[in-house]
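**Student:** My questions all concern the structure below.
The values are calculated or read from the model by the stated rules, or taken from the named source; none is laboratory data. Values in this document were obtained by computation on a predicted structure and should not be read as measured data. Here the Cβ positions follow ideal geometry from the backbone for every residue, glycine too, while neighbour counts run over all protein chains shown. With ligands, DNA and RNA removed, areas are computed over all heavy atoms of the protein, side chains included. Shrake-Rupley method; radii C 1.70, N 1.55, O 1.52, S 1.80 Å.
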Amino acid sequence: MQHLPNILTLLRILMIPGVYLAFFVPGLWGDLLALLVFSIAGFTDFFDGWLARKLDVQSGFGRMLDPIADKLMVATCLLLLVGYDIIKDYHLIAALIILCREILVSGLREYLMELQVALPVSTLAKYKTAIQMVAIGFLLVDESGRLIFHYAPETGLGLLWLAAGLTLITGYDYVRQGMKHAKWSDDAMTERAPVPVPEMQDIRAQIDALDKRLVAILAERQKLIAAAGEGEAEPRHGAR
């Protein structure tokens, strides 16, 4: 049971070719199949995290793999929707915003991992993900969705733009938080200073005192050596 959350995450990645293959099935059944596979993948996205917390089996591997699986699924679906002209014209801008943000945040997380800094998912980002998934679901059924809801494609595009707007907000927030830990950031220099300035001054004063003491000890040692040399020379002089 302890590996079940990670298995569900891996299963979500394995479902990506299923979404792609569903586009080759013509008509209503192909659209419904794509929606079904995508919906199951979305369900595992929620269930694996919930199960990991409930069983208290959260792992570094799962935290690393889960966002990767999400980004692979979203990127694949957006590329397919663009390739089949479901997302086209100026709506491409919304898809590009989402894709670019995913790449940016992934790179930022990788950089911060080297600094051992976590970048937790914000509540607004969770809302963005949920809206984004619903938008893609509407767009996957495309015109076939009009049989159930007449404005399904338009609703999908509207939600895609809403997700893109939230993407800009959350993306900016992540970058702002991440830059606080950048090596060239003034905030990071202050946060990661190992010793405060007053303590550094005390340490330097102690080092200077030790230096002076060491010089005094060496001078005293030289005097003792010189005195010992003179003491040895006098008996030899008297012997002559």
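**Student:** Could you please give the count of residues in the range 19-38 that are touching a residue at least 40 places away in the same chain (Cβ under 8 Å) and open to solvent by 60 Å² or more (accessible area, probe 1.4 Å)?
**Tutor:** Kept after step one, since they are touching a residue at least 40 places away in the same chain (Cβ under 8 Å), are these residues of the range 19-38: 19-20, 23, 27-28, 31-32, 34-35, 38.
With open to solvent by 60 Å² or more (accessible area, probe 1.4 Å) added as a condition, the list becomes 20, 28, 32.
Number of matching residues: 3.
**Student:** Another question, then. Residue check: is Arg109 of a type in the set (Lys, Arg), surrounded by fewer than 19 Cβ atoms within 10 Å (Cβ to Cβ), in contact (Cβ under 8 Å) with a residue 12 or more places away in the chain and farther than 25 Å from Gly30 by Cα? Break it down stepwise before answering.
**Tutor:** Values: of a type in the set (Lys, Arg): yes; surrounded by fewer than 19 Cβ atoms within 10 Å (Cβ to Cβ): yes; in contact (Cβ under 8 Å) with a residue 12 or more places away in the chain: yes; farther than 25 Å from Gly30 by Cα: yes.
Here the answer is yes, as Arg109 does meet what is asked.
**Student:** To continue, here is another question. Consider only pairs whose beta carbons are under 7 Å apart and that are at least six residues apart or on different chains; among these, list those whose first residue lies in the range 5-18 and is under 18 Å from Lys54 (Cβ atoms) and whose second residue is among the acidic types (Asp, Glu).
**Tutor:** Taking only residues 6 or more apart or on different chains, the pairs are Pro5/Asp48; Leu8/Asp48; Thr9/Asp48; Thr9/Asp66.
Here is a yes/no grid of residues against (1) more than 21 Å from the chain's Cα centre (by Cα); (2) among the basic types (Lys, Arg); (3) within 16 Å of Ala95 (Cα to Cα):
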| site | (1), (2), (3) |
| --- | --- |
| Pro120 | no, no, no |
| Met133 | no, no, yes |
| Leu147 | yes, no, no |
| Gly156 | yes, no, yes |
| Trp161 | yes, no, yes |
| Gly165 | no, no, yes |
| Thr170 | no, no, yes |
| Val175 | no, no, no |
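**Student:** Looking at the range 54-94, which of its residues are surrounded by 17 or more Cβ atoms within 10 Å (Cβ to Cβ), among the small types (Gly, Ala, Ser) and either under 19 Å from Ile13 (Cβ atoms) or free of Cβ contacts under 8 Å to residues at least 40 places away in the same chain (or both)?
**Tutor:** Gly62, Ala69
**Student:** Going by what's in this entry, would Glu102 be described as modelled with pLDDT of 85 or more and part of a helix (DSSP H, G or I)? Show your work before the answer.
**Tutor:** Numbers: modelled with pLDDT of 85 or more: yes; part of a helix (DSSP H, G or I): yes.
For Glu102, the condition - modelled with pLDDT of 85 or more and part of a helix (DSSP H, G or I) - is met.
**Student:** May I pose another question? Considering Asp202, Asp187, which residue is assigned to a helix (DSSP H, G or I), farther than 17 Å from Val117 by Cα and modelled with pLDDT under 75?
**Tutor:** That would be Asp202, the only listed residue that is assigned to a helix (DSSP H, G or I), farther than 17 Å from Val117 by Cα and modelled with pLDDT under 75.
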